[in-house]
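Asks: Sending over a structure as structure tokens; questions will come in a sec.
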Amino acid sequence: MTDKKLYSLTAVFDKPDDIINAAEKVSDSGYTKYDINTPYPVHGLDGAMKLPPSKLGYSALVLGLSGTFAAVLMIYFMSVYDYPIVIGGKPFFALPAFVPIMFEITVLAASIGTVLTMLFFFFKFPNNSHPLLETDYMKLVSVDKYGVSIQADDPKFNEDEISKLYNDLGASKILPVYWDLEEVLYEHKIVEPKFLGMLALTAIIVSGTVYFSLNKLMFMEPFSWMMEQEKLSPQQKSEFFSDGYSMRPPVEGAIARGDLPYQFADKPEMAAKILSNPLVSSEENLLLGKTKYNIYCSPCHGYFGEGDSRLRGQFPNPPSLHSQKLRDWTDGRIYHVIEVGQNVMPAYNTQMTNNEKWATILYIRALQRSLNAKESDL
Amino acid sequence: MSTVDYTREISVIEGQPPLREIDEVISKPLETKPDKKFYMAISVTLTMLLIGGIALGLSFYYGTGLWGNNNPVGWGLPIVNFVFWVGIGHAGTLISAILFLFRQKWRTGIARFAEGMTIFAVMTAGIFPLIHVGRPWLAGYLIPYPNQHSLWVNFTSPLLWDVFAVSTYFAVSFIFWYVGLIPDFAALRERTTNKIKKVIYSIGSLGWRNSNRHWQHYEMVYLILAGFATPLVLSVHTIVSFDFAISILPGWHTTIFPPYFVAGAVFSGFAMVQNVLIFIRKIFNYEHIITLKTLENMNKIILLTGSMVGYAYAMEFFIAWYSGVQPEQFTFLNRAFGPYAWAYWIMVSCNVISPQLFWFKKIRTTIPVMFVIAVFVNVGMWFERFVIVVTSLSRDYLPSSWAYFTPTLTDFGILIGSFGLFFTLLLIFTKTLPVVSIAEVKAVVDGSQPSHKDH
């Protein structure tokens, strides 16, 4: 067994008092690369090994404070800078209300950060290939024995001297620990079919799950944003009503509130004679008329009623609203055109309220007057 | 009366067992096949879990209309159950962190188990706010992440504080628990001969090698974690109580809520831990590790917190009268004599009267009696949350909107399911991980620490 490579020479002790003694002697003899292994923390060993106090407290402090700072920054950005909303009359930066979350994030950052620092930075874990693991030595010191292990790469390492020291200290067993050659000589390669296979499998599973849940699952019952509901939507066929319509027409003869049926549908002369404008041309009414005219009439008749359509010939251009004929028409006659349309011009009875129609007429009158102003107007 | 020698610390582990035996006793449940009793127990809890699963599935499919929640009582049973389960969790952290800071050695035998219960209780509790939002799969909006609506969460809302508090609590409890498990994983790794188990334990142990250079940092980290977990556990139930106290509803809007909720949480948590431990120590023969003395100590804490809760009930009444605020006075009279008087008096008799029996040493140390009292305490604490949530909501400022709240079968199905989930997880825990911390127990056995003769 000459090709074995020694990792360390270990000794096993039975009593906690012995291990304290051994730790003191070993560190006094000037060994630096040694370790003590015990199944549970034994009080007084740190002093015997002359270990400096743990510095983890500082990392907890730093991590905790960074947590607090990050929390303040995050909350400030979100609720003061990026999207401030007044809630309950509180100021945007409502510090007392932010304290709970600042506290929670501080604790979270400090505790998780400190543990990770200890495991991965201080201990360099995971380290499952350490030569001490799963040796006879470890099997003893993880149960009820206390062990010392002096590494072979210690500058003062000398097998005979150390064995003698161990015997003097009253060790119950002295065990050499060897490197596991298979592990030492093992070469880690990235391009290994097993590793690549794992990688591909993970990628497929992760992307598949994400795709399925975002694009398929979220549109299935009952995750479908309440899209499927037990109600009839417009245009849907109804099994319940005998006529098969889901939209119910109003009862025969019903009229909407404030909407008297138009009596002069095919009697423009009657309309011209009987209907009169109930509005006076106040600033308010003219403004309303202007808005409605610009919305409903101007695309064809032009902003000033000159028949300069913006529809670029897709619809026949209407005549000017400034003609003598129109200036002579009564308001009731124009109302009739809005109400029922004229030849190709569609009716506007459903889009506009009565008030808006009359206000629009007032505005048309104003437009007409602007081109044919009387001397008294000046 | 026997005289006690107070100059010597009484050992918390009875009979000075050899250390090797501790390994054997604690790892036995992991190395033997589950017996008949285990299968019987887990079939009961799985049935309960199944009932809960069906009730939840129906609620998801048909909507929350299956619950009793009505217009004034919008919180209903889900929030009652949430507060109840979060409270159960608090005992674990109290045992593992606060008692650790106070150097109470008797905690070692029960700490791991209580921490496990914390984690499972918080997991169970977390279900309720999620299902209460109606469409739990959209709960991602509770987290402040950059989204397409460019909207952020409301940092001034106690409901959001809850999200942060409960998830932090879960994460920190979990890491605390795992850090405690690392040396035990190492011990199991060295023990086991089973190949698959060896792989699992090796991964869990991360290659821990019992080195004193590690133990030193490890103990430091344990202290730091305990130091953080202590204010954390107090903050969690404080924030849960803010859900109520920050509102303006009579009966909720009181400053006594945070301490009162924390005391109540510890109270119910200890009762639950005590109940479960009575079974565990019997079934797995841990009588010398989880001693009668430990149970007695827990009963003392139940007595203390129970008295605090009783004091809080009295104080609420006093302040309602003393403040001279009419709605406040009405709410408390309504609690005690209104339509929910039955719930109120169940709560008072279970929470205030029954734990007072623990003044007698005989009752504190008789297992069947203390078991029954602890069950009462848990029932009472569930009713306390019921009384708080339901009475205040069902009769608020506006008499025209008053309504009586009756939970439905689905509500109870979900409650049963939550117990099923909790106990199923616990049972699996007892068979897969060491329920008592091997390393910690060894460290407090008599003769395991150096005598420091020559120092």
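Asks: Beta carbons within 10 angstrom, averaged per residue: use that to sort the peptides B:203-215, A:206-218, B:85-97, highest first.
Replies: Ranked by mean Cβ neighbours within 10 Å, highest first: B:85-97, B:203-215, A:206-218.
Asks: Right, something else. If you count, for every residue in B:219-229, the Cβ atoms of partner chains within 10 Å of its Cβ, what is the mean?
Replies: 6
Asks: To continue, here is another question. Starting from the alpha-carbon convex hull of segment A:1-147, give the projected area averaged over all orientations, in nm².
Replies: 13.9
Asks: As a check on your grasp of the helix formula, calculate [θ] at 222 nm for chain B: sum -39500 (n - 2.57) over DSSP H runs of n ≥ 4, divide by the residue count, round to the nearest 500.
Replies: -22500 deg cm²/dmol
Asks: Let's test this: bin the Cα-Cα distances of segment B:330-455 at 10 Å from zero up to the farthest pair and state each bin's percent.
Replies: Values per bin, smallest distances first: 10, 22, 26, 21, 11, 6, 3, 1, 0.
Asks: Between the helical axis of B:409-432 and the dominant principal axis of chain B, each derived from Cα atoms, what acute angle in degrees is found, rounded to the nearest 10?
Replies: So the inclination is approximately 10 degrees.
Asks: May I ask for the angle, rounded to the nearest 10°, between helix A:56-76 and the longest principal axis of chain A, with both axes built from Cα atoms and the value confined to 0 to 90°?
Replies: Helix A:56-76 sits roughly 0 degrees off the main axis of chain A.
Asks: What are the equivalent ellipsoid semi-axes of chain B, built from the alpha-carbon gyration tensor (square roots of five times its eigenvalues), in whole angstrom, biggest first?
Replies: With the √(5λ) rule applied to chain B, the semi-axes are 40, 26, 21 Å.
Asks: Still on this model: Whole-Hz Karplus ³J(HN,Hα) for segment B:364-379, in order, using 6.51 cos²θ - 1.76 cosθ + 1.60 and θ = phi - 60°, x for Gly and Pro?
Replies: Working through the residues one at a time gives 4, 10, 9, 4, x, 5, 5, 4, 4, 4, 5, 4, 4, 4, 5, 4 Hz.
Asks: How many Å³ per residue does the convex hull of the Cα positions in segment A:268-377 occupy?
Replies: Spelled out: Cα convex hull of segment A:268-377, divided by residues, is 106 Å³.
Asks: Let me ask something else. What ranking do B:420-427, A:151-158 get when scored by the average of other Cβ atoms within 10 Å per residue, highest first?
Replies: Descending packing order for the listed peptides: B:420-427, A:151-158.
Asks: To continue, here is another question. Report, in whole Å, the centroid distance computed from the Cα atoms of segment A:209-278 and segment B:363-432.
Replies: Taking the Cα centre of segment B:363-432 as reference, the centre of segment A:209-278 is 49 Å away.
Asks: Just want to confirm a number: the relative contact order over segment B:18-174, from Cα pairs under 8 angstrom separated by 6+ residues, in percent.
Replies: The value is 19 percent.
Asks: Next question, about the same structure. I need the calculated FRET efficiency for the pair residue B:322 and residue B:404, taking r as the beta carbon distance and R₀ as 22 Å, to the nearest 0.05.
Replies: So, using R0 = 22 Å, E works out to roughly 0.15.
Asks: Please list, in order along segment B:102-114, the HN-Hα scalar couplings obtained from phi with the Karplus expression 6.51 cos²θ - 1.76 cosθ + 1.60 (θ = phi - 60°), rounded to whole Hz, x for Gly and Pro.
Replies: Computed from phi, the couplings for segment B:102-114 are 7, 6, 8, 5, 5, 6, 4, x, 10, 4, 4, 5, 5 Hz.
Asks: Suppose R0 equals 51 Å; then what is the FRET efficiency for residue A:317 and residue A:90 from their Cβ-Cβ distance, rounded to the nearest 0.05?
Replies: After rounding to 0.05, the efficiency reads 0.30.
Asks: Still on this model: Quick check: the distance between the Cα centres of segment A:7-25 and segment B:131-209, to the nearest angstrom?
Replies: A separation of 39 Å, based on Cα centres.
Asks: I would also like to ask the following. With the contact rule set at Cα under 8 Å and sequence spacing of 6 or more, what percent relative contact order holds for chain A?
Replies: After rounding, I find 19 percent.
Asks: Another one. Using mean Cβ contacts within 10 Å as the protection proxy, how do B:116-124, A:261-269, B:442-450, B:49-57 order, highest first?
Replies: For the peptides B:116-124, A:261-269, B:442-450, B:49-57, the packing ranking is B:116-124, B:442-450, B:49-57, A:261-269.
Asks: Here's another thing I want to ask about it. Could you work out the mean count of beta carbons from other protein chains within 10 Å of each residue's beta carbon in A:125-132?
Replies: That works out to 5 on average.
Asks: Report the Cα-based extents of chain A along its three principal axes, largest first, to the nearest Å.
Replies: 132, 53, 41
Asks: What percent of all Cα-Cα pairs in the protein assembly as shown falls into each 10 Å bin, going from 0 up to the bin containing the maximum distance?
Replies: Calculated over all Cα pairs of the protein assembly as shown, the distribution is 2, 10, 15, 17, 15, 12, 9, 6, 5, 4, 3, 2, 0, 0 percent.
Asks: Please build a GNM for chain A, connecting alpha carbons under 10 Å apart, and tell me which residue among A:162, A:205, A:75 fluctuates the most.
Replies: In the Gaussian network model the winner is A:75.
Asks: Whole-Hz ³J(HN,Hα) for each residue in segment A:136-149, computed from phi via Karplus 6.51 cos²θ - 1.76 cosθ + 1.60 with θ = phi - 60°, x for glycine and proline: what do you get?
Replies: 4, 4, 5, 5, 7, 6, 8, 10, 9, 10, 10, x, 10, 9
Asks: Within a 10 angstrom radius of each residue's Cβ in B:178-191, how many Cβ atoms of other chains show up on average? Whole number is fine.
Replies: 3
Asks: I've got another one for you. Angle, helix A:159-169 long axis vs. longest principal axis of chain A, Cα atoms, 0 to 90°, nearest 10?
Replies: Roughly 80 degrees, rounded to the nearest 10.
Asks: Follow-up. Taking the Cα atoms of segment A:187-248, what is the range of coordinates along each of the three principal axes, in descending order and whole Å?
Replies: Projected onto its principal axes, the Cα set of segment A:187-248 covers 80, 15, 13 Å.
Asks: Which FRET efficiency value, to the nearest 0.05, is calculated for residue A:27 and residue B:247 with the Förster distance at 45 angstrom and r the Cβ-Cβ distance?
Replies: That pair, residue A:27 with residue B:247, gives E of 0.10.
Asks: For segment B:69-152, max minus min Cα coordinate along each principal axis, in Å, sorted largest first?
Replies: Principal extents (Cα only, largest first): 52, 34, 18 Å.
Asks: Give the residues of segment B:296-312 whose amide nitrogen is closer than 15 Å to a point set 7 Å from the Cα of residue B:361 in the direction of its Cβ.
Replies: Of the residues in segment B:296-312, B:296-297, B:300 have backbone N under 15 Å from the label point off residue B:361.
Asks: How big is Rg to Rh over segment B:186-300, alpha-carbon atoms, Rh as the Kirkwood inverse-mean-distance radius?
Replies: 1.13
Asks: Let me ask something else. Quick check: the distance between the Cα centres of segment A:131-175 and segment B:262-335, to the nearest angstrom?
Replies: First find each Cα centre; the distance between them is then 52 Å.
We did not get these values from a lab; they are worked out from the coordinates using the rules stated. Bear in mind that the values here come from a model prediction, so they are computed numbers and not experimental data. Cβ coordinates were reconstructed from backbone atoms using ideal geometry, including for glycine residues, and neighbour counts include every protein chain displayed.
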